[in-house]
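The values are calculated or read from the model by the stated rules, or taken from the named source; none is laboratory data. Every value quoted in this text rests on a predicted model; they were computed, and no experiment measured them. No Cβ is skipped: glycine too gets one built from the backbone with ideal geometry, and neighbour counts run over all protein chains shown. Remember, those area values only see protein heavy atoms, side chains included, never the ligands or the DNA or RNA. Shrake-Rupley method; radii C 1.70, N 1.55, O 1.52, S 1.80 Å.
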Amino acid sequence: QVQLVESGGGLVQAGGSLRLSCTASGLPFGTYIMGWARQAPGKEREYVAHINWRGGSAYYEDSVKGRFTIARDNAENTGHLQMNSLKFEDTAVYYCAVRRGVRFGVGSLDYDYWGQGTQVTVSS
């Protein structure tokens, strides 16, 4: 059974930082593209970032470029999203997701598996 478990969410002041983690089990994590998406209250889920299976290429949604960094450790079956200079508008539930394959479009949400999400709240 595939499981993706996010952790690291919480409450932070604007300008602060959080590091989200995603632990995968039940699949060969190192062969999957991994990404993060978020969903704010009353809004649709949106793409945040993704990283290829080797971890050599990372892609970001424009509003988080320069502030967020996606990374992965295939030996530990984990992925991370380092979020710096957080803004009120970053408040959302953040989801980890994976997709088998080598190609994935920036902005896509076409993942094979999703985690349950972790809440990030940024106070202004």
- Task: Apply the Kirkwood formula to the stretch 72-124: the hydrodynamic radius equals the inverse of the mean of 1/r over all pairs of different alpha-carbon atoms; give it in Å with one decimal.
- Result: 13.2 Å
- Task: Mind checking the full-extension length gain between residue 73 and residue 43? Use 0.36 nm per residue of separation minus the Cα-Cα distance, one decimal, nm.
- Result: 7.7 nm
- Message: Using a Debye calculation, one point per C-alpha and no hydration shell, please list log10 I(q)/I(0) for the stretch 10-99 at q = 0.10, 0.12, 0.14, 0.22 Å⁻¹ in order.
- Response: -0.24, -0.35, -0.47, -1.09
- Message: 5 Å is the cut-off here: which amide hydrogens, built 1.01 Å from N in the peptide plane, fall below it relative to residue 117, excluding neighbours closer than 5 in sequence?
- Response: 6, 96
- Message: On a 1.4 Å probe surface of the protein chains, which of 110, 73 comes out largest in accessible area, and what is the full order?
- Response: 110, 73
- So residue 7 and residue 31, fully extended at 0.36 nm per residue minus their Cα-Cα distance, gain in nm 6.4 nm
- Query: Given a cut-off of under 8 Å on Cα pairs at least six residues apart, what relative contact order in percent is computed for the chain?
  - Reply: 35 percent
- Query: Using a 1.4 angstrom probe with every protein chain in place, what is the largest-first accessible-area order of 104, 88, 29?
  - Reply: 88, 104, 29
- Query: What does the charge dipole of the chain about its Cα centre add up to, to the nearest 20 debye, if the Cβ of each Lys and Arg holds +1 and the Cβ of each Asp and Glu holds -1?
  - Reply: 180 debye
- Message: If I model a spin label at residue 57 and residue 102 as a point 7 Å from the Cα along the Cα→Cβ vector, what separation in nanometres do I get?
- Response: 1.0 nm
- Message: Run the paramagnetic zone check for residue 119: 7 angstrom along Cα to Cβ, then residues of the stretch 24-46 with backbone nitrogen under 15 Å.
- Response: 39-42
- What ³J(HN,Hα) values, in whole Hz, does the Karplus curve 6.51 cos²θ - 1.76 cosθ + 1.60 give for the stretch 65-74 when θ = phi - 60°, with x put for Gly and Pro? 4, x, 10, 10, 9, 9, 8, 8, 10, 5
- Place +1 on the Cβ of every Lys and Arg and -1 on the Cβ of every Asp and Glu in the stretch 47-124, take the dipole about the Cα centre, and give the residue among 82, 93, 116 whose Cα lies farthest towards its positive end. 82
- Query: Taking the Cα centre of each part, how many Å lie between the stretch 15-43 and the stretch 94-124?
  - Reply: 5 Å
- Task: List the residues whose amide H sits under 5 Å from the amide H of residue 10, counting only those 5 or more places along or on another chain, with H placed 1.01 Å from N in the peptide plane.
- Result: 120, 121
